[in-house]
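What follows is a single structure, written as structure tokens, with notes after it.
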Amino acid sequence: SPKKWKIVNGGLTSPFIDYVFNNVSDSNLFAISGSENAPVQTLKNIKDLVIASVQRNTDYFRLKESEYRTINNIKVLYMNYVANTKGIDFEYVGNYYLNSEGYSSVTAYTFGNKYEENKIELENFINGITKTEKSTKSDIVEEVVYTNPPPPMIKK
């Protein structure tokens, strides 16, 4: 919902991150959506990849919960984990799912001490995923508007 979340330029640079979000009413709530074109076969493989990646990029990692769910007719791997980066604790919730080209994810997080009070908002965000068809170039219509050029500048 754009009334609750806005797309921001979060400074996260990764070829796997498609969008970065920030909560409109609480700037301490963040989310990312991303995808990877990798020949992942199962949700279990995704779990192993995510855990290895997070462990490699953090100082501390603890998986609190993981389970398979169906959300809006999409089979997902739900994960809740804690990670510490440069002395700051974060808590994450995410839904990871297979797609035709690999896998995608939507993950929301906040500071460790803010998680419990914001858990419902974060989970509502990640549970908002829906299936959509990928657009092709023929589906995209570009409108070109031609205008007259401005008049030449007058020299003084």
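The values are calculated or read from the model by the stated rules, or taken from the named source; none is laboratory data. Just so it is clear, the structure is predicted and the values come from calculations on it, not from any experiment. So basically every Cβ, Gly included, is an ideal-geometry build from the backbone, and we count neighbours across all protein chains shown. Heavy atoms of the whole protein, side chains included, go into the accessibility calculation; ligands, DNA and RNA do not. Shrake-Rupley method; radii C 1.70, N 1.55, O 1.52, S 1.80 Å.
How many percent of the alpha carbon pairs in the range 40-110 exceed a separation of 21 Å?
More than 21 Å apart: 24 percent of the Cα pairs in the range 40-110.
In µm²/s, what is D for the chain at 25 °C and 0.890 mPa s, where D = kT/(6 pi eta Rh) by Stokes-Einstein and Rh is the Kirkwood radius from Cα pairs?
139 µm²/s
Of all accessible surface on the range 15-140 at a 1.4 Å probe, what whole percent is carbon and sulfur?
The nonpolar share, carbon plus sulfur, comes to 49 percent.
Compute the long axis of helix 115-126 from its Cα atoms, compare it with the longest principal axis of the Cα atoms of the chain, and write down the angle in degrees, 0 to 90, nearest 10.
60 degrees
Report the accessible area of Thr42, computed with a 1.4 Å probe over the heavy atoms of all protein chains in place, in Å² rounded to the nearest 10.
Thr42 has an accessible surface of roughly 60 Å² with all protein chains in place.
At what distance in nm do the modelled label points of Lys4 and Thr70 sit from each other, each positioned 7 Å from its Cα along Cα→Cβ?
Label-label distance for Lys4 and Thr70, simple model: 2.4 nm.
Say R0 is 30 Å: what FRET efficiency, to the nearest 0.05, do Asp26 and Asn99 get from their beta-carbon distance?
0.50
Filter the trypsin sites (Lys or Arg not before Pro) in the range 1-63 down to the DSSP loop ones having no more than 12 other Cβ atoms within 10 Å, then list what survives.
Answer by residue number: Lys3.
To the nearest 10 square angstrom, what accessible area does Glu123 show with a 1.4 Å probe?
So the heavy atoms of Glu123 present about 40 Å² to solvent.
With a probe of 1.4 Å, find how much accessible area the chain has per residue, and write the answer as a whole number in Å².
Value for the chain: 70 Å² per residue.
Ranked by accessible surface with a 1.4 Å probe, highest first, in what order do Met79, Met153 come?
Correct descending sequence by accessible area is Met153, Met79.
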